[in-house]
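**Student:** Quick one: the structure is below, questions incoming.
Values quoted throughout were computed directly from the atomic coordinates according to the rules given, and no laboratory measurement underlies them. Quantities reported herein were computed from a predicted structural model and do not represent experimental measurements. We place every Cβ from the backbone using ideal geometry, glycine too, and count neighbours over all the protein chains shown.
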Amino acid sequence: MVRRSVSILKIVLIVLTAAVCGCSTTEYMVKSMDPLMEEMNISVNRNPDVDMVRDAFPANLIQLDGFIQAAPNDKLLLRASEGYFGYTFAFVEDTDKPRARMLYRKARDYALKVLLKDRYFRESFNSGITAFTKSLDEFTKEDVPALYWAANTWMAWIALSLTDPEVLMDLPKVEAMLLRVIELDESFYYGSAHATLGAFYASRSKAIGGDPDKAKFHFDRAFELSQSRLLFIHLLYAQYYAYQIQDRDLFVQTLEMVIATPVGAFPEKNLVNEIAKRKAKVLLENVDLYF
C-alpha cells in the first residue's frame, strides 16, 4: 500500500515538473494516461473489496488533483467529480458531515467547470430559475455526464447544508439540471438521474415541493433502466421513499433484499453494490429510529 501511494505521487510529481518545461508536453503526458486511468476505473468498479478501495482512494484523488492542476481537461474534471462523490458518499458522509460537505462541493465545482465553459450557461448561472433553466437548452447529449455529476454532487452538498437558506434556494436549479439529463439521455449511468430525483421528491414534505407520486415514478423508471441491478437505487428507495410514506415493511424488505444480493450479481458495479449493502445494514439496524 505504501509503495502504491509513493508511485502515484511520483507520477503526479513528474507531470507537475513537466508543466515547467512546456504546456504541450504536460498535456500530452496527461492525455497519454487516459487509457490507463479508464482501465483502472473499470478495475476499481469491479472490485468487491470495499476496505481495499477505501484505503487506496485518497491517493487516487490526489493524483487526479495533480493532473488537473498540471493540464486540466473535461475528462479529468468529470473523473475527479465522480471520484470525490463516490469517496464521500461511501466513506465520509456517515461519519464526518462537515468534511463531506467540503468534498461534495469540490466535486460539484469540478463538474461545473466543464459546464461553465458555455457562455450562455455562465451568464445565467447566478440568475433566476427561468433564465437558468433556459440556458440548459444549450446542452446536448454529449454534455450529459457533466450535467449529471454537477447536479448529483450539488444535491449531495445541499443535503448537508439544510440550515443555510441561501443554499436551499439552489434546489430548483439542481432539479432543472436533472430533468434536462433525463430529456437528453435518461439511461445515463443506469438511470441514476431518475433515482436522484426520486430521492429529491421523497426527501421533502409536500409543503415544500415533496411529491411521493413523482418519487415513485422516478424510482420505478430507475429500476427499469438499471434492471434493478444497481443496489444504491434500492437503498435510496428505502431510505427516502419508504420512509416518506412510512411503510416500515417496504423499508425492511427492500434493505433485506439489498443485503441478501450475492457478490457478483452485477460484476461491473461490484464496488458500489457492496457499499450499498454496508449502508443497508446500518439503516436496518436503526429501523426503529425511522418508524
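**Student:** Taking only the C-alpha atoms, wrap a convex hull around the stretch 210-291 and report its volume per residue in Å³ as a whole number. Before the final figure, lay out the partial values.
**Tutor:** Working: hull volume 6.5 nm³, N = 82.
Value for the stretch 210-291: 80 Å³ per residue.
**Student:** Grab the beta carbon distance between Arg248 and Lys75, set R0 = 41 Å, and tell me the FRET efficiency rounded to 0.05. Show your work: numbers first, answer last.
**Tutor:** Values: r = 44 Å, r/R0 = 1.08.
FRET efficiency, Arg248 to Lys75: 0.40.
**Student:** How big is the charge dipole of the chain about its Cα centre, in debye rounded to the nearest 20, if each Lys and Arg gets +1 on its Cβ and each Asp and Glu gets -1 on its Cβ? Write down the numbers at each step before the final one.
**Tutor:** Details: 34 positive and 38 negative charges, 110 e Å.
Rounded to the nearest 20 debye, it is 520 debye.
**Student:** Assuming R0 = 35 Å, can you tell me the calculated FRET efficiency for the pair Lys206 and Arg99, based on Cβ-Cβ distance, to the nearest 0.05? Please list the in-between numbers first.
**Tutor:** Numbers: r = 33 Å, r/R0 = 0.93.
That gives a FRET efficiency of 0.60.
**Student:** When the gyration tensor of the chain is built from Cα positions, what are the square roots of 5 times its three eigenvalues, in whole Å, from largest to smallest? Numbers along the way, then the final one.
**Tutor:** Numbers: eigenvalues 202, 124, 54 Å².
Its equivalent ellipsoid spans semi-axes of 32, 25, 16 Å.
**Student:** Any chance you could give the angle, 0 to 90 degrees and rounded to 10, that helix 270-285 forms with the longest Cα principal axis of the chain?
**Tutor:** That works out to roughly 40 degrees.
**Student:** In what sequence do Val282, Val30 fall when counting other Cβ within 10 Å, fewest first? If you can, show how the numbers build up before the last one.
**Tutor:** Details: Val282 10, Val30 22.
Listed from fewest to most nearby Cβ atoms, that is Val282, Val30.
**Student:** Out of Leu231, Tyr110, Thr133, whose Cα points farthest toward the positive end of the dipole of the chain (charges: +1 Lys, Arg; -1 Asp, Glu; placed on Cβ)?
**Tutor:** Value: Tyr110.
**Student:** Angle, helix 171-185 long axis vs. longest principal axis of the chain, Cα atoms, 0 to 90°, nearest 10?
**Tutor:** The angle comes out at about 80 degrees.
**Student:** Also, quick follow-up: Full extension from Lys141 to Asn126: what is 0.36 nm times the residue separation minus their Cα-Cα distance, to one decimal in nm?
**Tutor:** Additional length available on full extension: 3.0 nm.
**Student:** To test your reading of the geometry: what angle, between 0 and 90 degrees and rounded to tens, separates the Cα axis of helix 34-46 from the longest principal axis of the chain?
**Tutor:** 30
**Student:** How would Lys31, Lys216, Lys269 line up from fewest to most surrounding beta-carbon atoms within 10 angstrom? Could you put the intermediate results ahead of the total?
**Tutor:** Values: Lys31 14, Lys216 17, Lys269 21.
By the 10 Å Cβ count, ascending, the order reads Lys31, Lys216, Lys269.
**Student:** Next up: So how far, in whole Å, is the C-alpha centre of the stretch 36-114 from the one of the stretch 149-190?
**Tutor:** Going from one Cα centre to the other spans 18 Å.
**Student:** Hey, with R₀ at 35 Å, roughly what FRET efficiency would Ser228 and Thr25 work out to, going by the Cβ-Cβ distance, to 0.05? Don't skip to the end; give the middle numbers.
**Tutor:** Details: r = 48 Å, r/R0 = 1.36.
E between Ser228 and Thr25, to the nearest 0.05, is 0.15.
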